[in-house]
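Since the structure comes first, as structure tokens, the remarks are kept for the end.
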Amino acid sequence: MIRRVHRQSLLNQLSEYASRHPEEADVNRDFTNFVKSESRCFERSLAVGHITGSAWVVNSTGCEVLLTHHRKLDRWLQLGGHADGDSDVLAVAMKEAEEESGLTDFSPVGSGIFDIDIHLIPERKGDPAHLHYDVRYVLRANGDTNYIVSDESHDLRWVKPDEVKTLTTESSMMRMVAKWSEQLANTTDSKEEGHSCPSINRLQLVRE
């Protein structure tokens, strides 16, 4: 059953995100104002724009991220999709990651939102151009990481963060690469174990 709880949960997350990323104050302000002003912000039917939930899916070591070659947009992107009325945007991101990859076991990594972005979706097949207010979370894929390519993708691919630039140089993708690379660099457990890529096993797992 779709949860239709108050927008306050997302507003609280955006406020916490703002405290961690003051350099993104402008986009956070615009995002917050949209959520406050549009009671139907989670509905796809809101023509001006709507909330979407995305997943920066990493493997158990954090050394690879799963990207989709999006069929409609013909670009390499993180997994994700429309909230369709669900105000639990983390749940949306997890559902979309499962639907688009066939993977079924995810754990949220870190505390709260990983990234936010506002971007224009061009007109397509009668749907007018509109904005996506995208909320991104890091999800760890547990167990089997053999994906299934859905009808929404041309392809999926596990890639190392520093290889993402070979598939896309889109600014928000590069921003997420930089954020994740910094997070990896700040972990120490794999260095203690002699691995070349830090593990995320010790990063706090939080279910909002």
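The values are calculated or read from the model by the stated rules, or taken from the named source; none is laboratory data. The shown structure was predicted, so the numbers you read here are calculated from the model rather than taken from an experiment. Positions of Cβ are generated from backbone atoms using ideal geometry, with glycine treated the same way; all protein chains shown enter the neighbour counts.
Could you check the range 69-115 and list, in sequence order, the residues that are β-branched (Val, Ile, Thr), within 24 Å of residue 155 (Cα to Cα) and at pLDDT 95 or above?
Answer for the range 69-115, where residues must be β-branched (Val, Ile, Thr), within 24 Å of residue 155 (Cα to Cα) and at pLDDT 95 or above: just 92.
Does the range 77-99 hold any residues that are assigned to a strand (DSSP E or B) and either surrounded by fewer than 21 Cβ atoms within 10 Å (Cβ to Cβ) or of a type in the set (Gly, Ala, Ser) (or both), and which are they?
Scanning the range 77-99 gives 77, 80, 81, 82.
Please count how many residues of the range 56-99 are in contact (Cβ under 8 Å) with a residue 24 or more places away in the chain, over 17 Å from residue 164 (Cα atoms) and among the acidic types (Asp, Glu).
Residues flagged as in contact (Cβ under 8 Å) with a residue 24 or more places away in the chain, over 17 Å from residue 164 (Cα atoms) and among the acidic types (Asp, Glu) within the range 56-99 amount to 5.
With respect to the numbered conditions (1) under 16 Å from residue 136 (Cβ atoms); (2) over 18 Å from the mean Cα position of the chain (by Cα), which one is the sole condition not fulfilled by residue 77?
Only one criterion is unmet by residue 77, namely (2).
Taking residue 102, is it farther than 23 Å from residue 166 by Cα and surrounded by 18 or more Cβ atoms within 10 Å (Cβ to Cβ)?
Working: farther than 23 Å from residue 166 by Cα: yes; surrounded by 18 or more Cβ atoms within 10 Å (Cβ to Cβ): no.
Criteria not met by residue 102.
Yes/no per residue for (1) assigned to a strand (DSSP E or B); (2) touching a residue at least 40 places away in the same chain (Cβ under 8 Å); (3) in contact with a strand residue (DSSP E or B) (Cβ under 9 Å, 6 or more places away or on another chain):
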site	(1), (2), (3)
108	yes, yes, yes
116	yes, yes, yes
134	yes, yes, yes
147	no, yes, yes
151	no, yes, no
158	yes, yes, yes
164	no, yes, yes
169	no, no, no
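Which of the residues that make up the range 17-71 are in contact with a Leu (Cβ under 8 Å, 6 or more places away or on another chain), surrounded by fewer than 16 Cβ atoms within 10 Å (Cβ to Cβ) and under 17 Å from residue 92 (Cα atoms)?
40
For the range 105-151, name all the residues that are among the aliphatic types (A, V, I, L, M) and surrounded by 13 or more Cβ atoms within 10 Å (Cβ to Cβ).
Residues of the range 105-151 among the aliphatic types (A, V, I, L, M): 109, 113, 116, 118, 120-121, 129, 131, 135, 138-139, 141, 148-149.
Once the filter is applied, which keeps residues that are among the aliphatic types (A, V, I, L, M) and surrounded by 13 or more Cβ atoms within 10 Å (Cβ to Cβ), the range 105-151 yields 109, 113, 116, 118, 121, 131, 135, 138, 139, 141, 149.
Which of (1) without any contact (Cβ under 8 Å) to a residue 24 or more places away in the chain; (2) under 17 Å from the mean Cα position of the chain (by Cα) is the odd one out, the single condition residue 37 does not satisfy?
Here residue 37 clears every test but (2).
Take the residues in the range 167-184 that are aliphatic (A, V, I, L, M) and at pLDDT 95 or above; name whichever of them is surrounded by the fewest Cβ atoms within 10 Å (Cβ to Cβ). Break it down stepwise before answering.
Start the filter on the range 167-184 by keeping residues that are aliphatic (A, V, I, L, M), which leaves 167, 173-174, 176-178, 184.
Still in the running and at pLDDT 95 or above: 167, 173-174, 176-178.
Values: 167: 15, 173: 22, 174: 13, 176: 22, 177: 20, 178: 11.
Result: 178.
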